[in-house]
């Protein structure tokens, strides 16, 4: 598109550069990207002459439009939209009369004039008049909110502020692996900075973060220089934007091109270099120019081949990530709530020792060849088959388009619907040109390649008010502020609370009670406050963390970005520990959910874990909501839980660092009872623990301290007395149960009558040697399908996978 500015007056200064960009933005929004527009600024005298000549009207007017698509001008270029002529003298008078700025009145008239060029006629067509008014208001609102309307002074200040914000969040994301805002919110900050810099290039800072990608460089690792820069990707948020980019890219390439469409894995970028078929280097993205050498750590990842099937030399790029199912298992076993799979993966690949990295089951999808010798093809889609032959793991969810005319809609809609079914996090799609020749022609900017585009998923969002801020105390003492919200629906769910993470997060956004805020469901699940839209009318200050615990009045201790209550007898910590003990991550006692546990605590029937097994359920008679049937169900659930295996009992205690994964290591090494654990703690035998592969000295010390704690020893003594399992029978079970499902890969979906929760079915499969996976693929051998099975059942049927009902499965395991 072309916007020509012709200033023929001296009554008021005109910023031609900014006006040109405003005109271009209006044409783009009105889908006139191939049109040419002329904006002429004149005096009252000039516009009066034109008004008399072409409209037979005396005197000046504010705006005139001359279309080049009709009448005497049709012989001119077809893409020439026309002239919008504005009297600056009249604009000055009207702005004063309406008590608005000159810029606002000028832009309003410019929009009015452009709509006339597009055929709208408010004088003779009532319907056009209504549409014209609506479009004018909508377009004016868009321009008014854009950086183009800022004064230079405000723009310069805003550029400094945004640059600092972007650098801060880049550091949190890439280096600290502790992001405080969503990807969508970061993209908005970044895009706003780019738009401001484009509008006011004179204020671009020498070290602007838009001139390079974010950095995850860590000075504890050796720094290497990438042979080819690892750039970020340009982004779009709509299918029409993507289609438009594909069309333009094909045109700029000057040759037929094909497109590869991949899922955008939310992980950690890595570059792998092989010489003569052997892995010689693995490096993080770093700042795009330099990265960290993490070769030793990368070698612990099973899906990274150390030796290729052919002695070739090449460099590939990929994305390291943690599967959702693995992430959930790690959280349950360790009793720690990590921020996200991506952050855990980023931290794992940069652990100080490869032994520490090996503890986290990372995986990788390789997606591109950066460089290579004697490659069999210059088409990247064909090279993917070559990568598979060499032994690399690639994402099977890849689409291939023959040309830019192919509609992306169906693939994007499918990916959006299926993203939550994947066993890994995706935050969008990546579309790339397949032909290397076309990539070379298209080249790259200082920030991103011109031959690739990222389509970003948008998190569901809404606006609401913060009615209050409460604090939650976890069983390990971590304090989390939570916003109490005016109820609002987001992504199909009613949201009344949202996490505020910690004091740093609150300070950054500037949150106070009464503020109007924008909230989202990150990953379509977790409610979070993203930004303050309007400050409260009561001048409430930014909320501050209390100095003492609200529950026990112990002074809070700050560790990193979080506050902790270190009193292990704190009532709120005790409540959280009891809820955990009875809940699904603990003993999974049926009919003893969080609300019931809170009632037992308030009635002083339960104060310690062992009290759950010793209190009399009949004591609940007469309490609201506790009829005989429910009391009987609670009693039955407690009795059934006494049969739970030793591993479950040990994990339910909620001891720091002692999750299911570590418990399995202990049992395999012979530390398979409370008596053995207590004996080792009495002897302070750290060497016995450290001798187990995967247990460091600090973990050993922590375990010894825990099993010397009088409160824990008392709880264990009661457990023994009432008949809980205090010795592992895992080895015996493995030997006595026939491994009939060995080599089978099972997926479980739907609702079940007997297996509640569904994880019970998974345990039965694992006992018999089978593997439980989170999603259906060609490698899946069986699908255990209950009621309302949904899309997994359809996919399994399409792939010819054996479908097993709950009834049949019960027959098999009996």
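The values are calculated or read from the model by the stated rules, or taken from the named source; none is laboratory data. Computed from a predicted structure; not experimentally measured. For neighbour counting, all protein chains shown are included, and Cβ atoms are generated from backbone atoms with ideal geometry for every residue, glycine included.
Observations on the model:
Yes or no, residue by residue, for (1) modelled with pLDDT under 90; (2) closer than 22 Å to residue 587 by Cα; (3) not in a loop (DSSP other than H, G, I, E, B):
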{"residue": "624", "(1), (2), (3)": "yes, no, no"}
{"residue": "657", "(1), (2), (3)": "yes, yes, no"}
{"residue": "665", "(1), (2), (3)": "yes, yes, yes"}
{"residue": "671", "(1), (2), (3)": "yes, yes, no"}
{"residue": "676", "(1), (2), (3)": "no, yes, yes"}
{"residue": "699", "(1), (2), (3)": "yes, no, yes"}
{"residue": "705", "(1), (2), (3)": "no, no, yes"}
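- Filter pass, residue 765 being touching a residue at least 24 places away in the same chain (Cβ under 8 Å) and out of contact with any helix residue (DSSP H, G or I) (no Cβ under 7 Å at 6 or more places or on another chain): yes
- For segment 95-117, residues that are within 14 Å of residue 38 (Cα to Cα) and surrounded by fewer than 16 Cβ atoms within 10 Å (Cβ to Cβ) total 0.
- Test: residue in segment 458-465 that is outside any helix (DSSP H, G or I) and over 23 Å from the mean Cα position of the chain (by Cα): yes
- Cβ pairs under 8 Å, 6+ apart, first in segment 134-156 and surrounded by fewer than 17 Cβ atoms within 10 Å (Cβ to Cβ), second not in a helix (DSSP H, G or I): 152/200; 156/200
- Residues located in segment 246-295, provided they are in contact with a strand residue (DSSP E or B) (Cβ under 9 Å, 6 or more places away or on another chain) and either part of a helix (DSSP H, G or I) or not assigned by TED's automatic domain parsing to the domain that holds residue 439 (or both): 246, 249, 250, 253, 295
- Selection status of residue 755, buried (at least 19 other Cβ atoms within 10 Å of the Cβ) and under 30 Å from residue 788 (Cα atoms): yes
- Restricting attention to segment 369-382, the residues being closer than 23 Å to residue 777 by Cα and touching a strand residue (DSSP E or B) at 6+ places or on another chain (Cβ under 6 Å) number 1.
- Check on residue 608, under 33 Å from the mean Cα position of the chain (by Cα), within 30 Å of residue 759 (Cβ to Cβ), assigned by TED's automatic domain parsing to the domain that holds residue 713 and surrounded by fewer than 18 Cβ atoms within 10 Å (Cβ to Cβ): no
- Residue match in segment 579-601 (condition: modelled with pLDDT of 90 or more and farther than 28 Å from residue 760 by Cα): yes
Here is a yes/no grid of residues against (1) modelled with pLDDT under 75; (2) outside any loop (DSSP other than H, G, I, E, B); (3) buried (at least 16 other Cβ atoms within 10 Å of the Cβ):
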site	(1), (2), (3)
172	yes, yes, yes
175	yes, yes, yes
186	no, yes, yes
206	yes, no, no
210	yes, yes, yes
228	no, no, no
231	no, no, yes
241	no, yes, no
244	no, yes, yes
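- Number of the exception - residue 485 against (1) under 22 Å from residue 229 (Cβ atoms); (2) surrounded by 15 or more Cβ atoms within 10 Å (Cβ to Cβ); (3) modelled with pLDDT of 90 or more: (1)
- Residues being over 15 Å from residue 86 (Cα atoms) and touching a helix residue (DSSP H, G or I) at 6+ places or on another chain (Cβ under 8 Å) - total across segment 45-65: 2
- From the list 19, 4, the lone residue that is modelled with pLDDT of 80 or more, part of a helix (DSSP H, G or I) and within 51 Å of the chain's Cα centre (by Cα) is 19.
- Segment 296-327, residues that are in a helix (DSSP H, G or I) and out of contact with any helix residue (DSSP H, G or I) (no Cβ under 9 Å at 6 or more places or on another chain): 325
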